[in-house]
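Here the structure comes first, spelled out in structure tokens, and everything after it is commentary.
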Amino acid sequence: MKKNTITNLVLAGLMLALGMVLPFLTAQIPQMGNMFLPMHFPVLLCGLICGWKYGGIVGFILPIFRSMVFGMPPMFPVAIAMAFELMTYGVVIGLVYGYLPKKIGWTYVALIVAMIAGRLVWGSVQVVLLGLSAKGAFSLQMFLSGALLNAIPGIILQLLCIPVIMTLVQKRRRIYP
């Protein structure tokens, strides 16, 4: 195996572990988890640091694995919809970032494109899952509430923290290639 492959596997495992434990910071108040999106951070970082394949795999596995181990998020429809959403975040941010210059402004572009794509996928999966269940249809109001309004604090935190973390990662890579 190449050094990069081993490094990416270790980092992806670390991001998966972070995604498993970060939600405990908001576990006492589930609404806080919906607001601060603790599982999104490691998936987005995994896509940026390790690439789209690792970001997509970690993103898909994380909510399902966390649901099986801890019972949260509930498997249907939340963890299943989140699996597709987080997979999309990891894949899109990794692909977009891979083609852009490695400067902080372009990190924002990759992050915003991934956020939009992930939320659209989440909404689409919710339409299918809730349309197939007895819970009823997924409305535009439910989409706007779940994808945007409730998530504003998490979106702001992601926009503030992730580009800064990536700047630090890039500086470290220049010092220790």
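Taking region 30-78 on its own, how many of its residues are buried (at least 17 other Cβ atoms within 10 Å of the Cβ) and among the aromatic types (Phe, Trp, Tyr)? Residues meeting the conditions: 5.
Lys53 - would you say it is over 28 Å from Ser145 (Cβ atoms), modelled with pLDDT under 95 and either of a type in the set (D, E, K, R) or within 12 Å of the chain's Cα centre (by Cα) (or both)? No: the conditions fail for Lys53.
Inside region 33-58, residues that are among the hydrophobic types (A, V, I, L, M, F, W, C), over 13 Å from Gly154 (Cα atoms) and in contact with a Leu (Cβ under 8 Å, 6 or more places away or on another chain) make up a count of 6. Could we say that Gly71 is of a type outside the set (Val, Ile, Thr), touching a helix residue (DSSP H, G or I) at 6+ places or on another chain (Cβ under 9 Å) and either modelled with pLDDT of 95 or more or farther than 19 Å from Leu157 by Cβ (or both) here? In short, no. Close Cβ contacts (under 8 Å, 6 or more residues apart or on different chains) running from residues in region 57-86 that are farther than 15 Å from His40 by Cα to residues that are modelled with pLDDT under 95 and of a type in the set (S, T, N, Q) comprise Phe76/Ser133; Pro77/Gln126; Pro77/Ser133. Exactly one residue out of Ala137, Ala147, Ala110, Ala117 is aliphatic (A, V, I, L, M) and outside any helix (DSSP H, G or I), and it is Ala137. Criterion first (crowded, with 20+ Cβ neighbours inside 10 Å and either in contact (Cβ under 8 Å) with a residue 40 or more places away in the chain or β-branched (Val, Ile, Thr) (or both)) does Pro23 satisfy it? Against the criterion (crowded, with 20+ Cβ neighbours inside 10 Å and either in contact (Cβ under 8 Å) with a residue 40 or more places away in the chain or β-branched (Val, Ile, Thr) (or both)), Pro23 qualifies.
With respect to Leu130, is the statement that it is surrounded by fewer than 19 Cβ atoms within 10 Å (Cβ to Cβ), touching a Phe, Trp or Tyr at 6+ places or on another chain (Cβ under 8 Å) and modelled with pLDDT of 95 or more true? No.
The values are calculated or read from the model by the stated rules, or taken from the named source; none is laboratory data. What you are looking at is a predicted structure, and each value in this text was computed from that prediction instead of being measured. Glycine also receives a Cβ, built like all others from the backbone with ideal geometry; neighbour counts cover every protein chain displayed.
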